[in-house]
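Chemist: What follows is a single structure, and I will ask about it in a moment.
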Amino acid sequence: MAPRKFSAKRSRKDAVVEGTSATPEFNSHRFRSAGHQQRFEAIKEWSFHRERRVQLRDDDYTDFQEEIARRRWTSLVTPMAKFDPDVVLEFYANAWPTEEGVRDMRSWVRGQWIPFDADALSQFLGDPLVSEEGQECEYSQRRNRADGFDEEVIAQLLCIPGQDFARTATGRQVRIMRTNMTTLTQTWMTLLLSNILPSDHNFDLSLSKCRLVYAILTRMSVHVA
């Protein structure tokens with residue numbers, strides 16, 4: 001679940017006056033510091049991208065369901081139905097870095113430290129990918145190779161026959177529109193933009209996201225027309 005910013009900027013309330021020596025009071029049970037409490041005030045009007053629960057009959061999109069099971073991604077398609085918006089916003093507020101360049105991959109939620117580094121997220125999802133120390137997934141390996149992705153091959157796999165990437169005036173591939181995608185591509189796009197990389201823009205896939213969906217589809221055991 002990711003918070004979504006409003007387009008209008010909000011001014012911070014109760015900002016600390018620069019140059020003062022007094023430490024502002026704050027709720028230490030809910031916030032790591034006065035600065036994090038101020039951060040909560042700054043974001044508390046944000047709305048949310050809500051994950052989707054994938055509920056299909058056994059005979060619906062069987063290739064998609066089989067790949068979800070093979071990848072052990074059940075947790076990704078069955079998020080919690082209810083949540084407390086204040087608790088979620090406190091998590092994001094307390095995860096805000098206090099110093100530029102310093103990343104503390106944990107947050108403070110109602111008196112408890114909550115880690116959100118790669119190991120913690122993997123454990124939360126049920127450890128779907130078990131890899132050796134330093135080993136990268138196939139997508140990362142492809143992304144780091146100069147010849148890792150071929151846009152023409154990607155278009156052939158993701159698009160219905162005769163369709164291609166939308167291009168710039170200079171011919172550079174930039175995105176694939178939903179109307180040009182196969183049904184299977186659209187299905188994975190919906191999951192990607194709802195539960196993995198939340199976005200309220202679901203009419204197309206940028207080139208980088210096309211590469212991610214392509215990496216998923218090339219591992220599937222079904223033939224994609």
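Chemist: Hey, any hits in region 161-176 for a residue that's closer than 30 Å to Ala34 by Cβ and not aliphatic (A, V, I, L, M)?
Modeler: no
Chemist: Look at Thr74 and say whether it is open to solvent by 70 Å² or more (accessible area, probe 1.4 Å), over 23 Å from Ser194 (Cβ atoms) and either under 16 Å from the mean Cα position of the chain (by Cα) or not aromatic (Phe, Trp, Tyr) (or both).
Modeler: When the stated conditions are applied, Thr74 does not pass them.
Chemist: Out of the residues in region 38-49 meeting the condition of being touching a helix residue (DSSP H, G or I) at 6+ places or on another chain (Cβ under 8 Å) and under 30 Å from Trp188 (Cα atoms), tell me which one is modelled with the highest pLDDT.
Modeler: Trp46
Chemist: Which of (1) within 24 Å of Trp46 (Cα to Cα); (2) open to solvent by less than 60 Å² (accessible area, probe 1.4 Å); (3) of a type in the set (S, T, N, Q); (4) under 17 Å from the mean Cα position of the chain (by Cα) is the odd one out, the single condition Ser107 does not satisfy?
Modeler: Condition not satisfied by Ser107: (4).
Chemist: Which of the following residues is of a type in the set (Gly, Ala, Ser), touching a residue at least 12 places away in the same chain (Cβ under 8 Å) and over 19 Å from Arg52 (Cα atoms): Ser199, Ser206, Ser140?
Modeler: Ser206 is the lone residue from the list that is of a type in the set (Gly, Ala, Ser), touching a residue at least 12 places away in the same chain (Cβ under 8 Å) and over 19 Å from Arg52 (Cα atoms).
Chemist: Next question, about the same structure. What is the one condition in (1) among the small types (Gly, Ala, Ser); (2) at positive phi; (3) surrounded by 14 or more Cβ atoms within 10 Å (Cβ to Cβ) that Gly171 does not satisfy?
Modeler: (3)
Chemist: Only one of these is of a type in the set (Gly, Ala, Ser) and in a strand (DSSP E or B): Ser107, Ser122, Ser131. Name it.
Modeler: Matching residue, one of Ser107, Ser122, Ser131: Ser107.
Chemist: Looking at region 144-157, can you tell me whether even one residue there is under 21 Å from the mean Cα position of the chain (by Cα) and in a helix (DSSP H, G or I)?
Modeler: no
Chemist: Testing Gly162 on (1) open to solvent by 50 Å² or more (accessible area, probe 1.4 Å); (2) at pLDDT 90 or above; (3) on the phi < 0 side of the Ramachandran plot, one condition comes back false. Which one is that?
Modeler: (3)
Chemist: Looking at (1) out of contact with any Lys or Arg (no Cβ under 8 Å at 6 or more places or on another chain); (2) farther than 29 Å from Glu138 by Cβ, find the lone condition where Asp63 falls short.
Modeler: Going through (1) out of contact with any Lys or Arg (no Cβ under 8 Å at 6 or more places or on another chain); (2) farther than 29 Å from Glu138 by Cβ one by one, Asp63 breaks only (2).
Chemist: While we're here: Considering only residues that are of a type outside the set (Ser, Thr, Tyr) and closer than 14 Å to Ile68 by Cβ, look in region 181-196 and name the one that is surrounded by the fewest Cβ atoms within 10 Å (Cβ to Cβ).
Modeler: Ile196
Chemist: What are the residues in region 45-71 that are of a type in the set (Asp, Glu), open to solvent by 60 Å² or more (accessible area, probe 1.4 Å) and within 23 Å of Ser199 (Cα to Cα), if any?
Modeler: Residue satisfying the conditions is Glu45 alone.
Chemist: Looking at region 122-155, which of its residues are loosely packed, with under 14 Cβ neighbours inside 10 Å and either over 25 Å from Arg211 (Cβ atoms) or modelled with pLDDT of 90 or more (or both)?
Modeler: Residues satisfying the conditions are Gln123, Phe124, Gly126, Glu133, Asp150, Glu152, Val153.
The values are calculated or read from the model by the stated rules, or taken from the named source; none is laboratory data. The structure presented is a predicted model; accordingly, all values stated were derived computationally and were not measured. Please note: Cβ atoms are built from the backbone with ideal geometry, for glycine as well, and neighbour counts cover all protein chains shown. What goes into the accessible areas is simple: the full protein's heavy atoms, side chains included, and nothing from ligands, DNA or RNA. Shrake-Rupley method; radii C 1.70, N 1.55, O 1.52, S 1.80 Å.
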